[in-house]
Amino acid sequence: MPIHLARIWQWGHHLAVRLAGRDPAGGPEGLPAVGGRSRPDPEEQELVDAAQAALREWQTAQARFQEVNGVQDPDLVDHVIYQLEAAERKYVYLLRKVQEIRGQQPRQV
């Protein structure tokens, strides 16, 4: 069964948008606001920074996945898929931790 790369990318983008608490039709980039506080505590800021870095890693993995479209080496394709899945799980984990520390209900996808 062939992998439909565009569909996978759409799913990944939609997941990132929903987890970040944004409207899939648009809205501000990044993680949800800190809820009116002027400065987050250091632990929260560290988690937010890690989640933003994980999002960039996931986006890089998605781009790498797009690059291997049509490559005949199944080992390379498998490697890129594993990287994509690992980056996604890392981002989801960190984003949920940010939501927990902010007292928000983690969103289910």
> Points 7 angstrom from Cα along the Cβ direction at residue 46 and residue 76: gap in nanometres?
Replying inline: 4.0 nm
> Using the per-residue mean of other Cβ atoms lying within 10 Å as a proxy for protection, in what order, highest first, do the peptides 59-72, 86-99 fall?
Replying inline: 86-99, 59-72
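Every read-out reported here was derived from the displayed coordinates using simple, explicitly stated rules and does not represent laboratory data. Predicted, not measured: the structure shown is a model, and the values here were computed from it. Virtual Cβ from ideal backbone geometry, glycine too; neighbours counted across all protein chains shown.
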